[in-house]
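> Take this structure, written in structure tokens, and hold onto it; I'll ask about it next.
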Amino acid sequence: MARNPRYDVLFEPVRIGPVTTRNRFYAVPHAAGMTNAMPHMRAAFRGMKAEGGWGVVCTGYVSIEPGSDDSPLPFATLWDDDDVRSHALMTEAVHAHGALAGIELWHGGGSVMNRTSRLPTMSPSGTSWMATHVNFMGHQRPRVMDAQDIRLLLDCQAAAARRARQAGFDIVYVYAGMGYLPYEFLLPEWNRRTDAYGGSVANRVRIVRELLEVTHEAVGGKCAIALRISLEELRARPSERAASEAHEVVALLADLPDLWDVKMDSSPTDCPPSRFAPEGSHEPVIDFVKTLTRKPVVGVGRFTSPDTMVGQIRRGVLDLIGAARPSIADPFLPVKIEGGREQDIRECIGCNICISSWHDGVPVRCTQNPTAGEEWRRGWHPERITAAASAAPVLVVGAGPAGLECALSLGRRGYEVTLAEATDEIGGRLRFETRLPGLTAWGRVLDWRRGQIERLTNVNIYRGNLLSAAEILELQAAHVVIATGAHWARLLYSALEIPAGELSGAGVFTPDDIAAGVSLKSPVVLYDFDNYYMGSALAEHLAGSGHKVSYVTPAGHASAWGIMSNEQPQVHRALASAGIALHTLSRVTAFANGAVTLANQFTNEETRLECASLVIVGTRFASDTLHAELMTRAGEFADAGIHSVTRIGDALAPGAIVHAVYSGHRYAEELDAEPAAVPYRRDAPLARQV
Ligand SMILES: Cc1cc2nc3c(=O)[nH]c(=O)nc-3n(C[C@H](O)[C@H](O)[C@H](O)COP(=O)(O)O)c2cc1C
Ligand code: SF4
């Protein structure tokens, strides 16, 4: 198909200092959890974006010296020549597909704890980041940087830039964002210096200027120099000389970098969940940058719509369309737009499971793209899949996220697939969950798979088809896949921090009851020890339907795990603005006479809370009765032509949607393959001299 001429502008080359990118699609720096310890996985992950048409593909944050050690968070290093080869693997993979490779050189300053290097940290005035996020807490306070430390920073940046050039990078970054060292100089809370690096904005920006200068000199004009900078806080600060301190900073540096890469200041605002921020949410903060520089500007904002991208360029907001998450969810986004296949884009849903993998310190995972991180170790490709190894017909029972992904991927392999759904609509849990406040974009998990399956003639969906074990035996499928999902339990939560003690009876509900349309009486107590989105989203939903709602959790925060997906700060704000009372560190121990009894999680002190309806968002169990029934008839499988019966997704082990999609995909990839003791290749750091 031909490209829509409306999108031609996206495919124009753009000059960035001494290099030129083939188009305006720019995969911005983002960590992928693979570090230098998994160099082949990392190279393949980034090479895939180049294959998918991105003009520039960047690394994640790369430390320039051992005093910038973010462990256990997964950062990369370019500390000495031994690190060069590991990065060269990536530049080779990126160049092989005609893209430019960018590297984000990084110093964490007072925001890291040097847990592994055990070196003292440093910051402009001895201030450290005292985060509320436990992952970022620590007990080492930084030393105040003296002239020698400033020299150290500049020398390490220059040395790393030289190595970056040696490794084949085309674009080398100075990173002044997100609470890290150069950013710390920009804000007076961090920077209380009285020397030439503190005080006026011109002084506070000096270190960034010097970093740009030494980087420029180090690469000898061979690489472009990019400045990634957070402007949110600076934009909020008035200035006597300009519209804000952000304007002043940009004007002072104007044409010094070859490229401006502009972003927000904290992960929850920079990389916000779609639940709380729409596409293009950065624009109000960064919209002025192009008016103050002649150099190209790249920015982000979970861009998945080519019309929005074109709008950003036509309106003079950006020159290059930056993306982290959209390039993970669909590494082939540019190729699809180029081929007039916009409807094939696997759009990022903004769930932030990817950022949670960074917080977890593991290779990146993506709800929409189950092949992310698996390119090298399992040989999975986001667009291609091995042809079927047999003509065996497959029956998939259940059209939720796991069943849909499984049926689609099996169909792409060429298997004859029957997808049987008990209800009249496909989508499983998504049908209800996408109706909860802020979760509409998650419907893309269903929409994309439905759209792709509809094009396959070898996948047939049967709705309203509640199959029994006896009926399955009659269908003559060689392989039966059970994807019947999971259900919420009415279990409470014990002082041992495990679900225990069922609470049944009138007035006790689960999310399944709400999904089925049960009507509740106020006041409602929503009791959440699932700790992810369901509890808080349901509380918002019920408050929005006019109920008086209290939210109770044994954890210290609402949606406690939501800190991993950048949701938690906004969850607290959303609950507060919906008038929902919050009771943390509290277990529900009883429900009688119009009230629940709460016990403090640590002291066991009891209180009572008025309650007409108790909604327990606790634990989930597999809905696997069909599987159990089928297995009692295993002796009949051979006569029925059945070679295998397998559970996938929630029907096997309930989890988040990302787990279900992955499980469905893995089944499809591995059908008819020889099982291996270790199901993936294990990566290892490149040999260094010891
Ligand atoms: C998994 C993940 C890791 C990230 N790591 C980095 C990083 O190492 N350096 C950085 O400057 N930004 C990092 N970011 C932020 C992104 O570069 C980007 O600014 C943000 O995700 C918003 O862009 P998007 O809406 O296109 O995702 C990361 C984002 C994600 C999702
Ligand atoms: S995990 Fe979610 S937010 Fe991250 S890239 Fe995938 S779909 Fe987007």
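> Here is a list of conditions, (1) under 19 Å from ARG620 (Cα atoms); (2) surrounded by fewer than 18 Cβ atoms within 10 Å (Cβ to Cβ); (3) small (Gly, Ala, Ser), and GLY556 meets all of them except one; can you say which number that is?
GLY556 satisfies all of (1) under 19 Å from ARG620 (Cα atoms); (2) surrounded by fewer than 18 Cβ atoms within 10 Å (Cβ to Cβ); (3) small (Gly, Ala, Ser) except (1).
> Quick check, is VAL9 among the β-branched types (Val, Ile, Thr) and in contact with a strand residue (DSSP E or B) (Cβ under 7 Å, 6 or more places away or on another chain)?
Answer is no for this residue.
> Using beta carbons and a limit of 8 Å, which pairs, at least six apart or on different chains, have the first residue in the stretch 199-213 and more than 14 Å from CYS156 (Cα to Cα) and the second one small (Gly, Ala, Ser) and surrounded by fewer than 23 Cβ atoms within 10 Å (Cβ to Cβ)?
Cβ pairs passing all conditions: VAL201/SER239; ASN203/ALA196; ARG204/GLY198; ARG206/ALA196.
> In addition: So GLY47 clears everything in (1) over 30 Å from THR293 (Cβ atoms); (2) small (Gly, Ala, Ser); (3) open to solvent by 10 Å² or more (accessible area, probe 1.4 Å) except one condition, right? Which one?
(3)
> I'd like to check something: does the stretch 564-579 contain any residue that is outside any helix (DSSP H, G or I), at pLDDT 95 or above and more than 21 Å from the chain's Cα centre (by Cα)?
Looking through the stretch 564-579, at least one residue is outside any helix (DSSP H, G or I), at pLDDT 95 or above and more than 21 Å from the chain's Cα centre (by Cα).
> Next question. Name the residue, out of ALA489, ALA469, that is of a type outside the set (Ser, Thr, Tyr), touching a helix residue (DSSP H, G or I) at 6+ places or on another chain (Cβ under 7 Å) and over 30 Å from PRO272 (Cα atoms).
ALA469
> Moving on. In the stretch 588-621, which residues are part of a strand (DSSP E or B), surrounded by 13 or more Cβ atoms within 10 Å (Cβ to Cβ) and β-branched (Val, Ile, Thr)?
VAL588, THR589, VAL596, THR597, VAL615, ILE616, VAL617
> Hey, among ARG275, ARG206, which residue is open to solvent by 50 Å² or more (accessible area, probe 1.4 Å), out of contact with any His (no Cβ under 7 Å at 6 or more places or on another chain) and not aliphatic (A, V, I, L, M)?
Testing whether each residue is open to solvent by 50 Å² or more (accessible area, probe 1.4 Å), out of contact with any His (no Cβ under 7 Å at 6 or more places or on another chain) and not aliphatic (A, V, I, L, M) leaves just ARG206.
> Take the residues in the stretch 622-675 that are of a type in the set (D, E, K, R) and assigned to a loop (DSSP other than H, G, I, E, B), then tell me which one is least open to solvent (accessible area, probe 1.4 Å).
ASP624
> Still on this structure, please answer the following. Yes or no: the stretch 147-163 includes at least one residue that is of a type in the set (Gly, Ala, Ser), within 30 Å of HIS572 (Cα to Cα) and open to solvent by less than 10 Å² (accessible area, probe 1.4 Å).
No, there is no match, as no residue in the stretch 147-163 is of a type in the set (Gly, Ala, Ser), within 30 Å of HIS572 (Cα to Cα) and open to solvent by less than 10 Å² (accessible area, probe 1.4 Å).
> Go through the stretch 438-450 and count every residue that is open to solvent by 50 Å² or more (accessible area, probe 1.4 Å) and either more than 30 Å from SER577 (Cβ to Cβ) or not charged (D, E, K, R) (or both).
Residues flagged as open to solvent by 50 Å² or more (accessible area, probe 1.4 Å) and either more than 30 Å from SER577 (Cβ to Cβ) or not charged (D, E, K, R) (or both) within the stretch 438-450 amount to 2.
> Being within 16 Å of ligand 2 (Cβ to nearest atom) and of a type outside the set (Gly, Ala, Ser), is that true of even one residue in the stretch 392-399?
Scanning the stretch 392-399, I find no residue that is within 16 Å of ligand 2 (Cβ to nearest atom) and of a type outside the set (Gly, Ala, Ser), so the answer is no.
> A follow-up question, please. Of all residues being surrounded by fewer than 22 Cβ atoms within 10 Å (Cβ to Cβ) and among the hydrophobic types (A, V, I, L, M, F, W, C) in the stretch 317-344, which is farthest from ligand 2 (Cβ to nearest atom)? Just the residue, please.
If we take residues in the stretch 317-344 being surrounded by fewer than 22 Cβ atoms within 10 Å (Cβ to Cβ) and among the hydrophobic types (A, V, I, L, M, F, W, C), then VAL317 is farthest from ligand 2 (Cβ to nearest atom).
> So how many residues does the stretch 103-121 have that are more than 16 Å from ligand 1 (Cβ to nearest atom) and either within 21 Å of the chain's Cα centre (by Cα) or of a type in the set (Gly, Ala, Ser) (or both)?
Result for the stretch 103-121: 2.
> If a residue has to be open to solvent by 70 Å² or more (accessible area, probe 1.4 Å) and in a loop (DSSP other than H, G, I, E, B) to count, how many in the stretch 120-141 make the cut?
7
> Looking only at the stretch 154-170, decide whether some residue is among the polar types (S, T, N, Q) and either free of Cβ contacts under 8 Å to residues at least 24 places away in the same chain or closer than 15 Å to PRO66 by Cα (or both).
Yes: the stretch 154-170 contains one or more residues that are among the polar types (S, T, N, Q) and either free of Cβ contacts under 8 Å to residues at least 24 places away in the same chain or closer than 15 Å to PRO66 by Cα (or both).
> Looking at VAL94, is it assigned to a helix (DSSP H, G or I) and open to solvent by less than 10 Å² (accessible area, probe 1.4 Å)?
For VAL94, the condition - assigned to a helix (DSSP H, G or I) and open to solvent by less than 10 Å² (accessible area, probe 1.4 Å) - is met.
> Filter the stretch 639-667 down to residues that are touching a residue at least 60 places away in the same chain (Cβ under 8 Å) and closer than 20 Å to LEU475 by Cα, then give me how many there are.
9
> Right, here's the next one. Is it the case that some residue within the stretch 420-437 is surrounded by 19 or more Cβ atoms within 10 Å (Cβ to Cβ) and at positive phi?
Yes, there is a match, as at least one residue in the stretch 420-437 is surrounded by 19 or more Cβ atoms within 10 Å (Cβ to Cβ) and at positive phi.
> In addition: Does LEU404 satisfy the criteria of being touching a residue at least 60 places away in the same chain (Cβ under 8 Å) and away from ligand 1 (no atom under 16 Å from the Cβ)?
It is true that LEU404 is touching a residue at least 60 places away in the same chain (Cβ under 8 Å) and away from ligand 1 (no atom under 16 Å from the Cβ).
> Within the stretch 66-74, is there a residue that is assigned to a loop (DSSP other than H, G, I, E, B), under 23 Å from GLY379 (Cα atoms) and at pLDDT 95 or above?
Yes.
> Got a sec? Which helices (runs of 4 or more DSSP H) wholly within the stretch 161-256 have at least 3 residues that are among the charged types (D, E, K, R)?
Fully inside the stretch 161-256 and qualifying: 206-219, 232-235.
> Can you list residue pairs whose Cβ atoms sit under 6 Å apart, with the first residue in the stretch 506-533 being surrounded by fewer than 21 Cβ atoms within 10 Å (Cβ to Cβ) and the second being among the hydroxyl-bearing types (Ser, Thr, Tyr)? Count only pairs 6 or more apart in sequence or on different chains.
GLY507/SER613; LEU520/SER613; LYS521/SER613
> Something else about it: Listed residues VAL297, VAL310; which is open to solvent by less than 20 Å² (accessible area, probe 1.4 Å), more than 22 Å from LEU231 (Cβ to Cβ) and either more than 16 Å from ligand 2 (Cβ to nearest atom) or of a type in the set (A, V, I, L, M, F, W, C) (or both)?
Of VAL297, VAL310, the one residue that is open to solvent by less than 20 Å² (accessible area, probe 1.4 Å), more than 22 Å from LEU231 (Cβ to Cβ) and either more than 16 Å from ligand 2 (Cβ to nearest atom) or of a type in the set (A, V, I, L, M, F, W, C) (or both) is VAL310.
The values are calculated or read from the model by the stated rules, or taken from the named source; none is laboratory data. None of these values were measured; they are calculated from a predicted model. A quick note on method: Cβ atoms are made from the backbone with ideal geometry, for glycine too, and the neighbour counts reach across all protein chains shown. With ligands, DNA and RNA removed, areas are computed over all heavy atoms of the protein, side chains included. Shrake-Rupley method; radii C 1.70, N 1.55, O 1.52, S 1.80 Å.
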